[in-house]
Amino acid sequence: RMHALLLRTFLAPTSFVAAVMWTIWAQAAEPITILAPFNLTGPQAVLGAPCYRGAELAVEKLNAAGGVLGRPIELIPIDTASEVSRTTNELDSALERYPNATAGIGYTDSTYALDAGRVFQKAGIRFITPGATAPDLPNQVGSGMFLAAYGDDAQALAMAKYAWNELKLRHV
């Protein structure tokens, strides 16, 4: 079970990258547009803003190295202000403004990621969440949804094994 879980965890981001690369090769437009819905303000910003800054840093480094396939990456921030009710509307609006968007990255909370994943799935765009950990998100959304973090089930199993085997804890 652990082997299958680790294999799935490794294959999801790899599959995401492969799917995005295939989409990029199939499109001729410049630059590569990636939508980035995060909670950049409000109570959830404590999680969302640092993740967005990490995505910005990755884009900066990739662009400094010549981009992807010689094309620059354009990261489009979408702030839903920690209001889950804004997720769908903000993403629908962004998809209208950026019809050539190739991928999405965003959210650190599973509730927001579920709503965003469904919007991206409907649009046929791959979406990866750097922080949501509900293990059933990909099953709830579809083949275009990916988790970068280990799911709660994998984290709980690893913590339980560590507590049992390394710390020799028998009661928690």
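The values are calculated or read from the model by the stated rules, or taken from the named source; none is laboratory data. Given the structure is predicted, the values throughout are model-derived calculations rather than measurements. No Cβ is skipped: glycine too gets one built from the backbone with ideal geometry, and neighbour counts run over all protein chains shown. We work out accessible area using only protein heavy atoms, side chains counted, and drop any ligands, DNA or RNA first. Shrake-Rupley method; radii C 1.70, N 1.55, O 1.52, S 1.80 Å.
Structure notes:
- Of all residues assigned to segment 79-86, at least one qualifies as being touching a strand residue (DSSP E or B) at 6+ places or on another chain (Cβ under 8 Å) and modelled with pLDDT of 95 or more.
Conditions tested, residue by residue: (1) hydrophobic (A, V, I, L, M, F, W, C); (2) in contact with a Lys or Arg (Cβ under 8 Å, 6 or more places away or on another chain).
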residue	(1), (2)
Phe120	yes, yes
Arg126	no, no
Gly131	no, no
Pro135	no, no
Val141	yes, yes
Gln155	no, no
Lys168	no, no
Val172	yes, no
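- In a residue-by-residue description of segment 58-66, the property of being in a strand (DSSP E or B), open to solvent by less than 40 Å² (accessible area, probe 1.4 Å) and of a type outside the set (Asp, Glu) applies to no position.
- Taking the criterion of being under 14 Å from Ile32 (Cβ atoms) and under 21 Å from the mean Cα position of the chain (by Cα), the residues of segment 61-70 that qualify are Leu62, Asn63, Gly67, Val68.
- Candidate set from segment 46-57 (those that are in contact (Cβ under 8 Å) with a residue 40 or more places away in the chain and open to solvent by 30 Å² or more (accessible area, probe 1.4 Å)); member that is nearest to the chain's Cα centre (by Cα): Cys51
- Residue check for Thr41: outside any strand (DSSP E or B), at pLDDT 95 or above, within 22 Å of Ser110 (Cβ to Cβ) and among the hydroxyl-bearing types (Ser, Thr, Tyr): yes
- Ala19 meets each of the listed conditions (1) touching a strand residue (DSSP E or B) at 6+ places or on another chain (Cβ under 9 Å); (2) under 30 Å from Asp153 (Cβ atoms); (3) modelled with pLDDT of 95 or more apart from (3).
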